[in-house]
Every structure is written in C-alpha cells, then in structure tokens.
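To start, the structure under review is shown below, and the notes come after it.
The values are calculated or read from the model by the stated rules, or taken from the named source; none is laboratory data. As the structure is a prediction and not an experimental result, all values here were calculated from the model. Every residue, glycine as well, gets a Cβ built from its backbone with ideal geometry; the counts of neighbours run over all protein chains shown.
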Amino acid sequence: MRNFVECCLGGEAMLPEMTITGRQPLEDDDVLMVCTDGVWSNLKDTEIASLLKPGLGKANGSCGSALEKLVERAVAASAPHSDNASAASLVWHH
C-alpha cells in the first residue's frame, strides 16, 4: 500500500471514505505533513513526530526550520543512496 492515498483534505463531503483508519478531527496546533518516501522510509514515525510537534510556529520554531531538519536527517539516514527527500507542512489553527 505504498502509494495508497489515505484521505482527502477539504474534499467533497459526498465522496466515499478513502481511508484505512477513519477520519480524524483536527485540533488547534495539529501539524499536517506530506512528504516523499525519501523522508518517511528512512525515519521512524516517532522521529518525524518529535520534530513536527504541537506548538510549532510558536515557541518551538517555524514549520520551515523543522522541515529542513527533518529532510536533512532523512538524507543522512539513507546516505550515500538518498532518494528524493521533499516535505511540506502546515499548522492547523481554527
């Protein structure tokens, strides 16, 4: 299921559920991230979560600096044969 799309963000309510885990309600300060397999395949979930933690963009720094550290760590973890390591994130505020 390497290329499985987990779910749609902000999609049409009439679309069928496209998930294996069910929808998760977002809470203030939740961090959403999309990334290539060059990032997630070389790092543990706990390692990714430790860099993209709640409060990001406040006292803990910016999304940009956290993503830069994350991608650097992923490239180092797969060296010398690193894959495309790209990521984007946002902090949810309502």
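Restricted to region 42-94, and to residues that are of a type in the set (Lys, Arg) and at pLDDT 85 or above, which residue is surrounded by the most Cβ atoms within 10 Å (Cβ to Cβ)?
Going through the qualifying residues, I end up with 73.
Which of (1) at pLDDT 60 or above; (2) part of a loop (DSSP other than H, G, I, E, B) is the odd one out, the single condition residue 3 does not satisfy?
Residue 3 satisfies every listed condition except (1).
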